[in-house]
Amino acid sequence: SQLAEENSWALSVHEGESVTVNCSYKTSITALQWYRQKSGKGPAQLILIRSNEREKRNGRLRATLDTSSQSSSLSITATRCEDTAVYFCARDSNYQLIWGSGTKLIIKP
Amino acid sequence: EAAVTQSPRNKVAVTGGKVTLSCNQTNNHNNMYWYRQDTGHGLRLIHYSYGAGSTEKGDIPDGYKASRPSQENFSLILELATPSQTSVYFCASGDYAGYSGNTLYFGEGSRLIVV
């Protein structure tokens, strides 16, 4: 199976700045999801964006999907220290999710 | 809110011993999953289940067994634990909704150290 892959292993920005995490995949999808995992916790879904959608928002979070380039992005505006986490993209594959390896995002005070 | 509870949260086991990790979900989801997470590998699927009585092999099933005795409970069993199985294990539940996607709800993880 092929993985959805985030394009950066780690990012660091200052609190209040905006940041974008990118993800690329190599097969057709029905949906792509973004999850966040805080230290010591399990992943939690942030946004699910279906293949017929181009953009989806959840508060300060905005996900985009470009099926022609097989890529997605997750943007966070007005970052806060509590946004520090690992961000995963994941694509549906039958009854499973295929996970990227994650991008570690550090928000500096 | 979705609830997935894992036990134990922390476990130290001896090499060759048997370890059982338990997972309980109150979401009434059909599907349950066991993943392990190691630095540099992200989440890797060990076993999953479509419902009570069913278990399926994931990507890395060797050395692990699974049991789904009921809708709510899904266990991961290490019959002969080895140090290479030292990891953090996550259980998740979800209901595949076809085109609507398959949202997973995770427990807080079980940290296993095999010495």
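The values are calculated or read from the model by the stated rules, or taken from the named source; none is laboratory data. Worth saying up front: this structure is predicted, and the values here are computed from it rather than measured. Backbone-built Cβ (ideal geometry, glycine too); neighbour counts: all protein chains shown. These area figures cover heavy atoms from the full protein model, side chains too; ligands, DNA and RNA do not enter into them. Shrake-Rupley method; radii C 1.70, N 1.55, O 1.52, S 1.80 Å.
A few notes on this one:
- Flag for A:T103 being within 11 Å of chain B (Cβ to nearest Cβ), buried (at least 21 other Cβ atoms within 10 Å of the Cβ) and among the hydroxyl-bearing types (S, T, Y): yes
- When every residue of the range B:32-39 is checked against the conditions, at least one turns out to be over 21 Å from B:V14 (Cβ atoms), within 11 Å of another protein chain (Cβ to nearest Cβ) and open to solvent by 10 Å² or more (accessible area, probe 1.4 Å).
- Filtered by the rule that a residue be open to solvent by less than 30 Å² (accessible area, probe 1.4 Å) and within 15 Å of the chain's Cα centre (by Cα), the range B:78-87 gives B:L78, B:Q85, B:S87.
- B:S75 vs. criteria closer than 15 Å to B:Q6 by Cα and more than 14 Å from every other protein chain (Cβ to nearest Cβ): yes
- Qualifying residue in the range B:65-81 (condition: free of Cβ contacts under 8 Å to residues at least 40 places away in the same chain and among the aromatic types (F, W, Y)): no
- Residue among A:A78, A:A63, A:A90 that alone is open to solvent by 10 Å² or more (accessible area, probe 1.4 Å) and either assigned to a loop (DSSP other than H, G, I, E, B) or within 14 Å of chain B (Cβ to nearest Cβ) (or both): A:A78
Here is a yes/no grid of residues against (1) open to solvent by less than 20 Å² (accessible area, probe 1.4 Å); (2) within 14 Å of chain B (Cβ to nearest Cβ); (3) not in a loop (DSSP other than H, G, I, E, B):
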{"position": "A:E17", "(1), (2), (3)": "no, no, no"}
{"position": "A:K26", "(1), (2), (3)": "no, no, no"}
{"position": "A:I49", "(1), (2), (3)": "yes, yes, yes"}
{"position": "A:E53", "(1), (2), (3)": "no, yes, no"}
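- Selection status of B:R44, free of Cβ contacts under 8 Å to residues at least 40 places away in the same chain, part of a strand (DSSP E or B) and at the interface with chain A (Cβ under 10 Å from one of its Cβ atoms): yes
- Residue match in the range A:71-81 (condition: touching a residue at least 60 places away in the same chain (Cβ under 8 Å) and closer than 30 Å to B:R9 by Cα): yes
- Scanning the range A:34-45 for residues being more than 15 Å from B:Y35 (Cβ to Cβ) and either touching a residue at least 60 places away in the same chain (Cβ under 8 Å) or open to solvent by less than 10 Å² (accessible area, probe 1.4 Å) (or both) gives a total of 1.
- Any hit, the range B:95-110, residues being open to solvent by 60 Å² or more (accessible area, probe 1.4 Å), part of a loop (DSSP other than H, G, I, E, B) and under 14 Å from B:P8 (Cα atoms): yes
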